[in-house]
Structures are given as C-alpha cells and as structure tokens.
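Every number in this text was worked out from the coordinates using simple rules, so none of it is lab data. Only a predicted model underlies this, so the values are computations on that prediction, with no experimental measurement involved. Cβ sites come from the backbone with ideal geometry, for glycine too, and all protein chains shown count toward neighbours.
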Amino acid sequence: MVQIAGSEFNGRLLQLVLPSGFKRIRHYGLLAPAAKRESMSQARALLEMPQPQRQATEDAQAWLPVVFVTTAHAPAASPTGLTAVKC
C-alpha cells in the first residue's frame, strides 16, 4: 500500500472530475463496450468481489419508479441499459 499526503490525494482525485458541460468518454479501458464483461469480471476476481446478481439488478430496476414518484426526479438513461436517478 502506498501512502500519500492528503493534498496529493486531493490533487489526483480532482484530475478525475470533469468540468460542467463536459462528457466522459467511455470507449476505452475497463468500460470499453467490446471487452467490458470480461474486463469487469477480471477486475472483480482480482478484488475478490462477488459477481453481480441478476435478481439484485431486477430488484433495483423495479424500485426506481418508487424513487421517481417519491422524489419527483425522472430516471436518467444509462449506457448500460440500467437507469439511474439524477438528483
């Protein structure tokens, strides 16, 4: 494990934040559509994380309309086909 100063951590973290109005491009790296399933499976294995469960995904999708009704925010479309709530 590498230890870095708080200011260095903040600097590195802020390099990942895009200014308002910019779009993040996800056509390369771990999230590239051509290899996403395989690379994410490999990343989960390396991090010793469980594979995503289909039932959990379906439950989350069923729950989103409830969030929409209670918060009055429309769900935003996601490139993965899942929906996310934009607040």
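Count neighbours as other Cβ atoms within 10 Å of each site's Cβ, and list the trypsin sites (Lys or Arg not before Pro) in segment 1-57 that are DSSP loop with at most 14 such neighbours.
Numbers: sites: Arg12, Lys23, Arg24, Arg26, Lys36, Arg37, Arg44, Arg54; in loops: Lys23, Arg24, Arg26.
Taking segment 1-57 and a limit of 14 other Cβ atoms within 10 Å, the loop trypsin sites (Lys or Arg not before Pro) found are Lys23, Arg24, Arg26.
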Gain in length, Gln55 to Ser39, computed as 0.36 nm per residue apart minus the alpha-carbon separation, to one decimal in nm? 3.6 nm
